[in-house]
Amino acid sequence: MSERAARTSDRPWMWQFTGSCSLPLRDILITEFGTEAADRIYYKAGELAGRQFCKQLINKNNDFNGFVRETQELLSKLKIGIMRIEKADLEKIEFYVDGS
């Protein structure tokens, strides 16, 4: 098994795909359409991925704390990443999220 395969064998396929081609894809988008368009495309793709993740995998009956807890657990279980809520204002519906 190659060193790369050994490092990524426990990661979900989608992460391996996006992790291995994300930067070259961004480079191509910048070359073809410019930095602003590439940033806009990445933002929209991330938003769509997040909406689908929630729609398909998260319990819609959770309160805010349940939503955060379930999302954190699922992101960790699927080895996608770690999500932390730095600050939340439920009245203003403003959230500061740290993801790694």
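Checking the structure you have, find out if any residue of the range 19-33 is modelled with pLDDT under 90, acidic (Asp, Glu) and surrounded by fewer than 10 Cβ atoms within 10 Å (Cβ to Cβ). Looking through the range 19-33, none of the residues is modelled with pLDDT under 90, acidic (Asp, Glu) and surrounded by fewer than 10 Cβ atoms within 10 Å (Cβ to Cβ). Of all the criteria given as (1) among the charged types (D, E, K, R); (2) at pLDDT below 90; (3) in a helix (DSSP H, G or I), the one not satisfied by Lys79 is (3). The residue that is surrounded by the fewest Cβ atoms within 10 Å (Cβ to Cβ), among those in the range 77-100 that are under 13 Å from the mean Cα position of the chain (by Cα) and of a type in the set (A, V, I, L, M), is Ile82.
Listed by first and then second residue, the pairs linking a residue in the range 74-100 that is in contact (Cβ under 8 Å) with a residue 60 or more places away in the chain to a residue that is among the aromatic types (Phe, Trp, Tyr) and surrounded by 10 or more Cβ atoms within 10 Å (Cβ to Cβ), with Cβ atoms under 9 Å apart and 6 or more places separating them unless they lie on different chains, are Leu78/Trp15; Lys79/Trp15; Ile80/Trp15; Ile80/Phe53.
For the range 53-76, the condition holds for at least one residue, the condition being that it is under 30 Å from Leu29 (Cα atoms), surrounded by 12 or more Cβ atoms within 10 Å (Cβ to Cβ), of a type in the set (Gly, Ala, Ser) and at pLDDT 90 or above. Being at pLDDT below 50 and among the small types (Gly, Ala, Ser) is the requirement here; does Ala49 meet it? Judged against the criteria, Ala49 is not a match.
The values are calculated or read from the model by the stated rules, or taken from the named source; none is laboratory data. Predicted model, so just to flag it, every value in this text is computed and none were measured. We place every Cβ from the backbone using ideal geometry, glycine too, and count neighbours over all the protein chains shown.
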